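Below is one structure, written out as structure tokens, with a few remarks after it.
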Amino acid sequence: MRKADAICALIILAIGILVLCEAARLGIFGWSTSGPEPGMYIFLLGMGVSVGSLVVLGQVFVEWRKAVPVKPFIRPGGLRPVLYVAVPAAMMVLLTEFIGLYIAAGLYLAVYMRWIGKHKWITVAAVSILLPLVSYFIFDRIFLIPLPKGRFEDLLTF
Amino acid sequence: MEAVYNLLIGLQTALSPFNLTVLVAGLFVGTFVGVLPGLGGANGVAILIPVTFRLPPTSAVILLAAIYWGALFGGVITSILFNIPGEPWSVATCFDGYPMAKKGKACEALTTAFCSHFFGAMVATLILTFAAPIVAEFTLMFGPPETFAVMMLTFSALVSLGGMSPVKSVVSTLLGFIMAAVGIDIVTGRLRLTFGSTELMGGFSFIVAVIGLFGLGEVFMTVEEGLRLEGVSVRMGVRTVFQTMAQLPRFWRTYIRGALIGCWMGIKPGGATPASFMSYGFAKQFSKNPEEFGTGTIEGVIAPEVAAHAAGVSATLPMITLGIPGSPTMAVILGGLMMWGLQPGPMLFKENPEFVWGLIGSIWVANAIGVVMVLCFVPFFASILRAPFSILMPSIVFVCAIGAYAVNNRMIDIWYMILFGFVGMAFKKLDYPIAPMVLALVLGDMAESAMRQSLVMSQGSPLIFFNRPIAGIVNGLAVLFFFWPLVTVLRDRIRKKLRAPVDA
């Protein structure tokens, strides 16, 4: 937990410094034709975030010196189920670029339900076909919100 | 009297057949998402914002608000039957609601909770109906410095209520503002924080952030902790429902106390959660048999429910009069308002009265219909949570992906959503509050332009935030709130020091 806290604070510090650099590029102090220089506002934000993350780092360090007991960041054995969700979800997004969201989602549902949920094939088929189909009618047909269809664009929009 | 007349017009708007259909649909969807893990009110509203572009603004806001009220009802079901508080302000409801359900009095607990919910919402709506026009009239005097001051007050209130670490609340808020700043400078039109990438030019959408942080983050948390649902099954008997209702007026003191606490706390941002705990605490203190609290007493269900929902409704007051959302869900609705081209704030009352009064009217109607609806369909909604998690979970991810994509029709947003999912999980574990970040992301542009306009007005002197009467008072309060955690720490230290010699 402490290590995660420190890493997180370091990432935030990096973001803060990045923002500060950008502020410097846009100009921080002084007065332009449209009021304060454009970098002034983000300079304040970047400064706040950097200082804040340094304080958090300091707090972590103090806790570490005092050896305050903490819980682990990820429960033992907890990482695996998270990855089981996240990796297929990322695969789904990747596939969406090629075959569209509906079919990618159908595959994702099927894969997850069959291999992780260990459901019967009939349930798997029913959910992974019906859910995308229903969403297609709700979003594409009723509310006219086109969702990505990849290569199947021509087949589905008629 | 004008308010009554306006309210009647609002009710007429809300009761038109089309809006009524929208409202019932919204309530249903809302209860549904409120029950599902990983899809709270904020998320449900965020996912459906693209859908609202096809509706007239009044119907759109009625839909979103109905989802919000529905999600609050859904949260009641999960906290009483499954001991899972869907939202932080339902935590206190679990204390007595779940033990009651376990004793076989689930029907009584649910009826009590829904009726308390209804009562709290009604009192708050009553106050809203009469107070909102007055506050709006007052806020018409606000210029940029005052607007900025009110925002500062909002965020400092969030920091002081925020939770474990005030520093982390500040960092989280500022990160939200930074994300809002990515893209094009609103005054000069120059690109900023894009680092030469065209993907970043469009900035971050708050909808995507909400879906990722609240939705996926919650899903990740749930699978990591290994979800075990131990629900109590429920049978709703018509007779039990009416018998319970007949009992409730006996607790009128708890009702009125809770509603007032809720209305008062709800005006401040993030007020619903402390309101529910405060009301529970007071009810316990004033009760004749405080030892029964926590074991499943009916008063322990009434108190937090009344307060939380009075607070939930009275959070609408600052939103429609000042443009300041009191909760993440309200922030998303406010973002929607801006996307429909409406400017939240006092001018809303002048320029779009049918919109504001339609919204207020719909709160009355939605809560009345909502109570009846959830009472009838509780077993159905409870059965959703009994569906296997390995079916629910990928479906939730799929629906979240639709919502994230549909905002701007950009693929990159789905990737951002997954990224925000991990951020949300890390932030929750490390005690960085998420709500201020979302609020900052929604309000970022407004806060920035208020600040820069004020500085233009004063030719660069930051004193403008303090030497105008209203802005000065509000900013002073903001500073006080902001440093309040520090004050309490110092006070405790001084007390300890004073006590130390005595101990020695």
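The values are calculated or read from the model by the stated rules, or taken from the named source; none is laboratory data. Since the model is a prediction, treat every value here as computed from it, not as a measurement. In this analysis, Cβ positions are derived from the backbone assuming ideal geometry, glycine residues included, and neighbour counts consider all displayed protein chains.
Listed values, structure above:
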{"read-out": "Selected residue (only one of A:148, A:132 is surrounded by 13 or more Cβ atoms within 10 Å (Cβ to Cβ), closer than 26 Å to residue B:421 by Cα and at pLDDT below 85)", "value": "A:148"}
{"read-out": "Considering residues of the stretch A:19-50 that are more than 7 Å from chain B (Cβ to nearest Cβ) and without any contact (Cβ under 8 Å) to a residue 12 or more places away in the chain only, the residue farthest from residue B:455 (Cα to Cα)", "value": "A:21"}
{"read-out": "Selection status of residue B:156, within 30 Å of residue A:5 (Cα to Cα) and more than 11 Å from chain A (Cβ to nearest Cβ)", "value": "yes"}
{"read-out": "One residue from B:369, B:384 being among the β-branched types (Val, Ile, Thr), within 23 Å of the chain's Cα centre (by Cα) and more than 10 Å from chain A (Cβ to nearest Cβ)", "value": "B:369"}
{"read-out": "All helices (runs of 4 or more DSSP H) inside the stretch B:293-370 with 3 or more residues being surrounded by fewer than 21 Cβ atoms within 10 Å (Cβ to Cβ)", "value": "B:347-351"}
{"read-out": "Matching residues in the stretch B:99-113 - criterion: being crowded, with 24+ Cβ neighbours inside 10 Å and hydrophobic (A, V, I, L, M, F, W, C)", "value": "B:100, B:101, B:106, B:109, B:110, B:113"}
{"read-out": "Residue that is farthest from residue B:84 (Cα to Cα), among those in the stretch B:185-207 that are surrounded by fewer than 18 Cβ atoms within 10 Å (Cβ to Cβ) and away from chain A (no Cβ under 13 Å)", "value": "B:198"}
{"read-out": "Test: residue in the stretch A:81-103 that is within 30 Å of residue B:448 (Cα to Cα), buried (at least 19 other Cβ atoms within 10 Å of the Cβ) and within 8 Å of chain B (Cβ to nearest Cβ)", "value": "no"}
{"read-out": "Index of the failed condition, residue B:187 passing every other in (1) out of contact with any Ser or Thr (no Cβ under 6 Å at 6 or more places or on another chain); (2) more than 28 Å from residue B:377 (Cβ to Cβ)", "value": "(1)"}
{"read-out": "Residue in the stretch B:391-405 that is in contact (Cβ under 8 Å) with a residue 24 or more places away in the chain and of a type in the set (S, T, N, Q) present", "value": "no"}
{"read-out": "Residue satisfying all of: in the stretch A:52-73; without any contact (Cβ under 8 Å) to a residue 24 or more places away in the chain and among the aliphatic types (A, V, I, L, M); farthest from the other protein chains (Cβ to nearest Cβ) among these", "value": "A:67"}
{"read-out": "Among (1) closer than 29 Å to residue B:433 by Cβ; (2) assigned to a loop (DSSP other than H, G, I, E, B), the one test that residue B:217 misses", "value": "(2)"}
{"read-out": "Filter result (modelled with pLDDT of 85 or more and on the phi > 0 side of the Ramachandran plot) within the stretch B:458-481", "value": "none"}
{"read-out": "Enumeration of residues in the stretch B:256-292 that are farther than 20 Å from residue B:73 by Cβ, assigned to a helix (DSSP H, G or I) and touching a Gly at 6+ places or on another chain (Cβ under 6 Å)", "value": "B:265"}
{"read-out": "Candidates B:232, B:210, B:170 - the one that is β-branched (Val, Ile, Thr), surrounded by 18 or more Cβ atoms within 10 Å (Cβ to Cβ) and within 12 Å of chain A (Cβ to nearest Cβ)", "value": "B:170"}
{"read-out": "Residues that are part of a helix (DSSP H, G or I) and surrounded by 24 or more Cβ atoms within 10 Å (Cβ to Cβ), drawn from the stretch B:78-94", "value": "B:78, B:79, B:80, B:81, B:89, B:90, B:92, B:93"}
{"read-out": "Helices (runs of 4 or more DSSP H) enclosed by the stretch B:398-488 - at least 2 residues per element that are more than 12 Å from chain A (Cβ to nearest Cβ), of a type in the set (Val, Ile, Thr) and crowded, with 21+ Cβ neighbours inside 10 Å", "value": "B:435-457"}
